[in-house]
Amino acid sequence: MDWSRTSIAVKMGNANYPKGVKTTIYNNIVKDPTKEQIDMFVEGLLLLSDGDSHLGTQVIKRDELSVD
């Protein structure tokens with residue numbers, strides 16, 4: 001299988017969100033993000049937010065199956 005793309009799902013908590021939780025998916029992330037890269041990305045999102053708290057992150061890797 002060949003790597004197609006990687007996405008990251010970031011779950012944030014804030015009283016302003018319906019049910020207090022919002023998950024946003026960011027596409028076209030580097031193939032193998034490190035923990036440090038993810039932490040820096042989330043830190044930037046928190047700086048731009050209106051009081052969000054980070055509840056979790058999930059890396060989603062998509063592979064393509066080549067059939068010849």
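The values are calculated or read from the model by the stated rules, or taken from the named source; none is laboratory data. Every value quoted in this text rests on a predicted model; they were computed, and no experiment measured them. Don't worry about glycine lacking a Cβ; one is built from the backbone with ideal geometry, like all the others, and counts go over all protein chains shown. In case anyone asks, the SASA skips ligands and DNA or RNA and just uses the protein heavy atoms, side chains included. Shrake-Rupley method; radii C 1.70, N 1.55, O 1.52, S 1.80 Å.
Taking 10 °C and 1.306 mPa s as the conditions, I'd like the Stokes-Einstein D for the chain in µm²/s, using the Kirkwood hydrodynamic radius from alpha carbon pairs.
Stokes-Einstein gives a translational diffusion coefficient of 120 µm²/s.
Under a Cβ-only charge scheme (Lys and Arg +1, Asp and Glu -1), can you give me the dipole magnitude of the chain about the Cα centre, in debye to the nearest 20?
It works out to roughly 280 debye.
May I ask you to give the percent of accessible area on region 2-44 that is carbon plus sulfur, with a probe radius of 1.4 Å?
Looking at region 2-44 in its full context, I get 54 percent from C and S.
Keeping every protein chain present and rolling a 1.4 Å probe, give me the accessible area per residue for the chain in Å². Intermediate values should be presented prior to the final figure.
Values: 5150 Å² over 68 residues.
For the chain, the per-residue accessible area is 76 Å².
Using the Cβ atoms and a cut-off under 15 Å, what net charge is assigned to the surroundings of Thr34, where Lys and Arg are +1 and Asp and Glu are -1?
Charge balance near Thr34 sits at -1.
What does the charge add up to near Leu45, with Lys and Arg as +1, Asp and Glu as -1, over the other residues with Cβ less than 14 Å from its Cβ?
Local charge sum for Leu45: -2.
Please compute the net charge surrounding Val10, taking Lys and Arg as +1 and Asp and Glu as -1 over other residues with Cβ under 10 Å from its Cβ. Write down the numbers at each step before the final one.
Working: positive: Lys11, Lys22; negative: Asp52.
In short, +1.
Given the options Ser53, Gly20, Thr6, identify the residue whose Cα lies farthest towards the positive end of the charge dipole of the chain (+1 on Cβ of Lys, Arg; -1 on Cβ of Asp, Glu).
Gly20
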